[in-house]
1. For the subset of region 315-333 comprising residues that are farther than 11 Å from Leu140 by Cα and crowded, with 20+ Cβ neighbours inside 10 Å, which member is farthest from the ligand (Cβ to nearest atom)?
2. Looking at (1) of a type in the set (Gly, Ala, Ser); (2) within 27 Å of Phe437 (Cα to Cα); (3) without any contact (Cβ under 8 Å) to a residue 24 or more places away in the chain, which one does Ala323 not meet, given that it meets all the others?
3. May I ask you to say which residue of Gly157, Gly208 is touching an Asp or Glu at 6+ places or on another chain (Cβ under 7 Å), more than 13 Å from the ligand (Cβ to nearest atom) and not acidic (Asp, Glu)?
4. Name the residues in region 169-187 that are more than 11 Å from the ligand (Cβ to nearest atom) and either part of a helix (DSSP H, G or I) or within 10 Å of Ala199 (Cβ to Cβ) (or both), would you?
5. Test Leu35 against the stated conditions and say whether it is closer than 22 Å to Leu200 by Cα, surrounded by 14 or more Cβ atoms within 10 Å (Cβ to Cβ) and of a type outside the set (S, T, N, Q).
6. Right, Ala219: surrounded by fewer than 20 Cβ atoms within 10 Å (Cβ to Cβ), more than 16 Å from the ligand (Cβ to nearest atom), in a loop (DSSP other than H, G, I, E, B) and small (Gly, Ala, Ser) or not?
7. Here are the criteria: (1) more than 24 Å from His131 (Cα to Cα); (2) buried (at least 16 other Cβ atoms within 10 Å of the Cβ); (3) modelled with pLDDT of 95 or more; (4) more than 11 Å from the ligand (Cβ to nearest atom). Tell me which single one Pro292 does not satisfy.
8. Which pairs have Cβ atoms under 6 Å, sit 6 or more apart or on different chains, and link a residue in region 128-141 that is under 15 Å from Gly170 (Cα atoms) to one that is in a helix (DSSP H, G or I) and of a type in the set (Ser, Thr, Tyr)?
Amino acid sequence: MASLSASSLRHLLGDWHDDGPALRALADRIRLLLLDGRIPSGTRLPAERELAAALSVSRTTVAAAYARLRDQEHLHSVRGSGSVLRLPAGEQPAEAPHRSPATVDLTRAALPAAPEVQAAVEAAVADLRAHLPGDGYELLGVADLRRAVADRYTARGLPTTAEEVLVTLGAQHAVGLVCRAVLTPGDRVLVESPGYPHALDAARAAGGRPVAVPVTAAAGPGSGGWDEEALQEAFSRTRPALAYLMPGFHNPTGSVMPADQRRRVVDLARRHGTRLVVDETTNDLAFDGEVPAPFPADVVHVGSAAKSLWGGLRIGWVRADAATVRHLAAHRAPWELGTPVFEQLVVARCLPRLDEILVGRRRELRSRRDALVTGLAAQLPEWEVPHVDGGLALWVRLPTPASSALAVAARRHGVLLTAGPRFGLDGAFERHLRLPFNADAATVRDTVPLLARAWREVGTSVPAPRPFEVVV
Ligand SMILES: Cc1ncc(COP(=O)(O)O)c(C=O)c1O
């Protein structure tokens with residue numbers, strides 16, 4: 001059973017105080033951490049006395065917060081194991097697949113399937129016939145799809161052969177595979193902050209020690225992005241074994257790394273012996289169709305059909321030199337033995353037409369972005385909404401550090417949100433909220449007033465200043 005130390009829980013809790021009673025604020029924040037997946041169900045909480053000392057509150061406060069969680073059936077006393085957090089039956093974590101139809105889900109930056117996917121599915125049924133006499137185990141991927149992926153890189157300016165492509169079970173699988181194949185426990189891994197939480201999870205699961213480089217959202221065209229000094233410093237000070245970046249519509253900020261900075265990052269990675277991995281999952285989602293060019297051939301590129309076509313296909317890939325592709329494939333076997341053939345055939349049907357498909361996708365995203373930005377400007381003008389030219393989400397800055405409290409309040413109004421700290425390393429980003437523009441205009445019209453109502457419940461309450469702590 002996993003246990004959480006008092007200091008780890010303190011980091012996760014961040015600024016948990018609000019205007020109400022401390023016991024309620026503490027219980028609510030722990031519950032949110034459980035619901036949004038930052039604390040896995042089945043985790044043992046620290047003893048009351050230890051947590052009280054770590055948070056500088058009385059033991060009575062912690063005991064009362066734990067009692068409240070027990071009443072809500074989120075906390076259970078297990079003989080010999082202390083207090084264990086569990087999701088009550090029927091309650092789903094934010095990332096779980098089944099939702100009540102009454103809720104609006106703003107936790108996922110993803111669209112429904114592109115309309116062209118249906119026809120590709122039907123065509124792929126006929127294509128499947130040629131594969132049925134084989135055994136169906138495709139550790140590297142189906143040749144047609146590997147070739148189609150390679151052709152897209154070639155067309156974008158990076159000559160690529162099918163041998164330089166490995167088909168995976170989505171981009172997340174690709175990132176996890178690269179981390180497992182490249183990292184030795186204890187290695188430094190350069191990551192972005194904020195960043196994509198599951199990439200961070202993958203680096204940590206492979207034993208990597210994250211080194212964070214700040215990325216900011218753009219206030220207007222050409223602003224925001226990767227802190228150049230922090231990048232230089234992170235490479236030279238820690239010589240990371242692996243650097244993971246999302247240079248094209250970074251999740252969650254939506255920033256795009258400019259061409260000159262890309263060149264400097266490649267140079268830094270080469271000089272410090274770092275394996276540079278670029279995750280291009282959202283790269284194609286530029287509203288104006290100006291898709292950033294690939295990196296040089298020695299950089300590991302990760303791609304996905306999830307955002308351009310449909311997440312339900314679960315198809316992603318790695319583009320790397322042929323030796324790395326074989327090395328990665330060899331690391332699959334302990335966990336899985338390849339990607340389903342049928343879905344690969346569907347994507348192989350779509351890729352040659354992808355530019356055409358993306359026209360509709362980008363139009364849809366732009367109009368959803370516009371609806372959300374307009375709604376927020378009208379009803380929540382105090383929120384700072386960044387400028388984005390593509391991608392799937394807005395990294396909104398709140399006037400007070402109340403992102404987790406807002407996520408709790410919004411749930412009461414039927415809106416699921418992922419609070420800012422989910423995208424940080426240690427409870428940071430309480431002043432931020434990732435809002436995907438995955439909802440259509442009608443849904444946005446209904447949802448923004450609910451967000452405004454939830455914000456009114458929490459938004460004006462600035463957390464009480466912490467008592468000055470003297471260390472002697
Ligand atoms: C940057 C990034 N990488 C990977 C993923 C996961 O992609 P997939 O669904 O292909 O596993 C996402 C999904 O949101 C993402 O934003």
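The values are calculated or read from the model by the stated rules, or taken from the named source; none is laboratory data. The structure presented is a predicted model; accordingly, all values stated were derived computationally and were not measured. Neighbour counts run over all protein chains shown; Cβ positions are idealised from the backbone, glycine included.
1. Per the criteria, the residue is Ala320.
2. Ala323 satisfies all of (1) of a type in the set (Gly, Ala, Ser); (2) within 27 Å of Phe437 (Cα to Cα); (3) without any contact (Cβ under 8 Å) to a residue 24 or more places away in the chain except (2).
3. Gly208
4. Matches in region 169-187: Leu177, Val178, Cys179, Arg180, Ala181, Val182.
5. When the stated conditions are applied, Leu35 passes them.
6. Considered against the rule, which asks whether it is surrounded by fewer than 20 Cβ atoms within 10 Å (Cβ to Cβ), more than 16 Å from the ligand (Cβ to nearest atom), in a loop (DSSP other than H, G, I, E, B) and small (Gly, Ala, Ser), Ala219 comes out as yes.
7. (3) is the only condition that Pro292 fails.
8. none
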